[in-house]
Amino acid sequence: MDLKIDKHISGQFNKELEDMLSHVLDMGGIVEQQIAQALEAISQYDSKLAQKVIKEDEKINAYEMLIDEECARVIAKRQPAAIDLRIILAIAKIIADLERIGDETCRMVRAAQEHFNKTERQFLVDVDHMGQQVLQMFKAVLDSLARMDSEAAYDVYKMDKKIDKAYEGITRQLMTYMMEDPRSIPKIMDVMWATRSLERIGDRCQNISEHVIYLIKGKDVRHTPTEKIEAMLAAKK
């Protein structure tokens, strides 16, 4: 797999970094499937699939440990400098966010698991709609990493506002419903926690987009105004 890593890196070192990035994409593929199956489990009231989603988290954790070990081994063996170290640091940050997305996906399924019935269908439809947006955001950020595309990563960065807006809308709807029918509070709170997990996954996708930009451009864009990010990307084309 050609991940377009800078050509100045020695051939063997380049191969090691490409292998690590390939493992990151493999890990991301498992997380993507986990999110998709979680949304299907919720929308179809499928408790068996929900349990499969939770079980899948073991694979994600194993990948994180594997790639962490690879990063440590390369640092110890190669003593990378500057741009080489930047790539390794970005990889370490990306897999940490991937692992946390896996955790949030499990929390989402567990929160909704008690309500695989039609009582909360009207709310679970909204959760699924938001979830599909989050899934598309995750796919896009994974694709930006695979293609080493900083502009595509920035497009993902901006998508988080749409996720936040969807979360706020669903939360207002749920709060109104609970005030009108206090007996619904326990059930609706579970739906709310599931929605909160989706919002956090969106945040993690935005984090990964920042790491991708850092990996490619060497610029830490965390806590940076959007106009400065855009100026930086435009200046380095």
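The values are calculated or read from the model by the stated rules, or taken from the named source; none is laboratory data. Treat the numbers as computed from the prediction; the structure is a model and nothing was measured. No Cβ is skipped: glycine too gets one built from the backbone with ideal geometry, and neighbour counts run over all protein chains shown. Remember, those area values only see protein heavy atoms, side chains included, never the ligands or the DNA or RNA. Shrake-Rupley method; radii C 1.70, N 1.55, O 1.52, S 1.80 Å.
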* Cβ pairs under 6 Å, 6+ apart, first in the range 36-47 and within 16 Å of Asp126 (Cβ to Cβ), second open to solvent by less than 40 Å² (accessible area, probe 1.4 Å) and among the small types (Gly, Ala, Ser) -> Leu39/Gly131; Ile42/Ala112
* Within the range 71-95, work out how many residues are open to solvent by 20 Å² or more (accessible area, probe 1.4 Å) and under 18 Å from Phe138 (Cβ atoms). => 1
* Asked: Within the range 120-135, is there a residue that is under 14 Å from the mean Cα position of the chain (by Cα), at pLDDT 95 or above and within 21 Å of Ala62 (Cβ to Cβ)?
  -> no
* Answer residue from the range 148-177, given it is in contact with a Leu (Cβ under 7 Å, 6 or more places away or on another chain) and open to solvent by less than 40 Å² (accessible area, probe 1.4 Å) and is nearest to Gly218 (Cα to Cα) among those -> Ser150
* Asked: Is the range 106-125 home to any residue that is open to solvent by 80 Å² or more (accessible area, probe 1.4 Å) and in contact with a Ser or Thr (Cβ under 7 Å, 6 or more places away or on another chain)?
  -> yes
